[in-house]
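Coordinate-derived values only; no laboratory data. All of these numbers come straight from a predicted model, not from anything done at the bench. Neighbour counts run over all protein chains shown; Cβ positions are idealised from the backbone, glycine included.
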Amino acid sequence: MIARKDDSVRIPSIAGLDIAVLMGGVSVERDVSLHTGEQVVSALNGSGAAATALDTADLGFIDALRHNRFDAVFICLHGRLGEDGTVQGLLELLGLPYVGSGVLASALAMDKVMSKQLFEMHGLRTAEHVVLRRDVPVDVQDITAALGPKTVVKPAGEGSAVGVSIVHDPSELPAAVAGAFQHDRIVLVERFVAGTEVTVGVLGNDEPFALPTLEIVPDHEFYDYESKYTPGMSRHIIPARVSSESRDECSSLALDAHRVLGCRGMSRADTIVAEDGAVYLLEVNTIPGMTATSLLPDAARAAGIEFPDLCALLVGYALEDRRKN
Ligand SMILES: Nc1ncnc2c1ncn2[C@@H]1O[C@H](COP(=O)(O)OP(=O)(O)O)[C@@H](O)[C@H]1O
Ligand SMILES: [Mg+2]
């Protein structure tokens, strides 16, 4: 189902609500988070709410959350100590409603190995992979035999393509793996899937719906950190230029992934439509980039939901869903 503002989506009024916006923090995605946070603050204020920005790099934010009577918390933190269930656990303890997924879904989505195991268990197609641990030597021959010569190496628990590299030839594998181990104790090597990169936003609690498919065309070889965050270094095409069957499969994979992980409020699934039309699920982001020109807000706009309304909708889902765990 595609959301249309006039039929399936009712935008709640958030006028008069006091909302804390958590941003910044200490992850490698701090700068991205600050951009997201600033734009969310101005969107919420524009809808008549009173938004207070809190930078979680300073633990004083915990006192601010305890002593101000916020109606809801909008978490604009990406990566570790923000998107991974930790801040969500704190907010559960404080009894504050918050935007997005709860502790378990956040932690599962953040861990690419755990989430892949769940996806496979539920029959969702993902690229074949090998899991590496820091203390076990890398057997390049075994990996190449299992996955083929072209692979993608990624740390299990980072985001924004940090530590991700494409390996074109097995000889590049050891260096790529060593690089990824700088970010995590567990590293994933995946078969490289050639095709069209499509991301699908999902909104809602008990009856989630998929936003239109969005094709990402990066200037670089893949959607790396620079392509993600430098304006003009990637193009968004809505709907994705793949067959309507593949588009439907992207949407249902994104919805299934949202449900399998137990996501709430919003998520964004990254997929690749292979040259034969088969769709592979790469990962789920529980706090996707939320600047007005980010992927999920762009897809929402194509469905008739402008950025300020999207922010209000997410606050509405948070209030409807006070206890997530
Ligand atoms: N198996 C794969 N085949 C081809 N490209 C991939 C594959 N996995 C990741 N990529 C590329 O790397 C980017 C980052 O990978 P992703 O799994 O989405 O992690 P994250 O966005 O958290 O860093 C993707 O957007 C895509 O461009
Ligand atoms: Mg991604």
**Study point:** Net charge of Cβ neighbours under 11 Å - reference SER227; Lys, Arg +1; Asp, Glu -1
**Key:** -3
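For the stretch 179-325, with only Lys/Arg (+1) and Asp/Glu (-1) charged at the beta-carbon, what is the dipole magnitude about the Cα centre, in debye rounded to 20?
With only Lys, Arg, Asp and Glu charged at Cβ, the dipole is about 500 debye.
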Check your understanding: Per the Cauchy relation, a quarter of the hull surface: what is the mean projected area of the convex hull of the alpha carbons in the stretch 129-191, in nm²?
Key -> 3.5 nm²
Study note, to complete from the structure: Rg from C-alpha atoms of the stretch 104-249, normalised by the globular rule of thumb 2.2 N^0.38 Å, equals 1.11
Study note, to complete from the structure: Taking 303-315, 227-239 and ranking on average Cβ neighbours within 10 Å, highest first, one gets 303-315, 227-239
Check your understanding: Any number yet on Rg/Rh for the stretch 187-325, C-alpha, Kirkwood?
Key -> 0.96
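Starting from the Cα gyration tensor of the stretch 94-141, take the square roots of the eigenvalues, sort them a ≥ b ≥ c, and report rounded, prolate or oblate (rounded when a/c is under 1.5, otherwise prolate if a/b is larger than b/c, else oblate).
Note, shape of the stretch 94-141 comes out oblate.
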Exercise for review: Over 24 Å, how big is the tail of the calculated P(r) for the stretch 22-181, in percent of all Cα pairs?
Suggested key: 46 percent
Point to revise | Listed peptides 116-122, 82-88, 133-139 by packing density, highest first (mean Cβ within 10 Å) | key: 82-88, 116-122, 133-139
Practice item. In whole Hz, with x marking every Gly and Pro, tabulate ³J(HN,Hα) for the stretch 267-284 from phi via Karplus 6.51 cos²θ - 1.76 cosθ + 1.60, θ = phi - 60°. Key: 7, 9, 9, 8, 9, 10, 8, 5, 4, 8, x, 5, 9, 10, 8, 8, 5, 10
Check your understanding: Once both labels are modelled 7 Å past Cα along the beta-carbon direction, what's the PHE222-MET114 spacing in nm?
Key -> 2.3 nm
Check your understanding: If we restrict to alpha carbons, what Rg and Dmax does the stretch 18-99 come to, in Å?
Key -> 11.5, 32
Practice item. Could you work out, for the stretch 256-307, what percent of all Cα-Cα pairs fall into each 5 Å distance bin, beginning at 0 Å and stopping at the bin that holds the largest distance? Key: 5, 18, 22, 22, 20, 11, 2
Review point. Under 24 Å from the Cα of LYS324, which lysines turn up, not counting those fewer than eight places away in the same chain?
Key: LYS112, LYS116
Check your understanding: Sorted by mean Cβ packing within 10 Å, highest first, what order do the peptides 164-170, 104-110, 248-254 take?
Key -> 104-110, 248-254, 164-170
Practice item. Return the distance in nm (one decimal) between the two label points of a simple spin-label model at ARG235 and GLU207, each offset 7 Å from Cα along Cα→Cβ. Key: 3.7 nm
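State to the nearest 20 debye the size of the charge dipole of the chain about its Cα centre, where the only charges are +1 on K and R beta carbons and -1 on D and E beta carbons.
600 debye
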Revision key, fill the gap. Here the convex hull volume per residue of the chain, taken over Cα atoms and given in Å³, is 123 Å³
